[in-house]
Amino acid sequence: MIVSVSAVLLLAVVVAVLLRQRTVGVGSALACGALGFCLASTGLAPALTQALAAVAGLLSLS
């Protein structure tokens, strides 16, 4: 669990830096994908799934 959280935090920093520099390429896409896989293996996965479902529900109303 500690390794998963550390990897998520590290990848979140990498993605934030890539987005701040407006770098779009293969590296940023891989970092975003890796962040998603790491987030899916943490305890935050159910909360993120519920939040995304709520946002999708709001968007489908309009």
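The values are calculated or read from the model by the stated rules, or taken from the named source; none is laboratory data. As the structure is a computational prediction, the values presented were derived from the model and not from experiment. For the accessible areas, the whole protein counts, side chains as well, though only heavy atoms, and no ligand, DNA or RNA atoms are used. Shrake-Rupley method; radii C 1.70, N 1.55, O 1.52, S 1.80 Å.
Per residue, the chain exposes an accessible area of 77 Å² to a 1.4 Å probe, with every protein chain left in place. Extension gain for the segment V5 to A53, taken as residue separation times 0.36 nm less the Cα-Cα distance, is 15.0 nm to one decimal.
Please report, as a whole percent, how much of the solvent-accessible surface of the chain comes from carbon and sulfur atoms (probe radius 1.4 Å).
Details: 3670 of 4790 Å².
With neighbouring chains kept in place, the figure for the chain is 77 percent.
Once the Cα atoms are used to define both axes, helix 26-40 deviates from the longest principal axis of the chain by about 60 degrees.
Counting heavy atoms of the protein chains alone, T49 has an accessible area of about 90 Å² for a 1.4 Å probe. Taking every protein chain into account, the 1.4 Å probe leaves C38 with about 30 Å² of accessible area, to the nearest ten.
Compute the helix-to-body angle for 2-20: its Cα long axis versus the longest principal axis of the chain, expressed 0 to 90° and rounded to tens. The two axes meet at around 90 degrees.
Computed from Cα positions, the angle between helix 45-61 and the longest principal axis of the chain comes to roughly 50 degrees.
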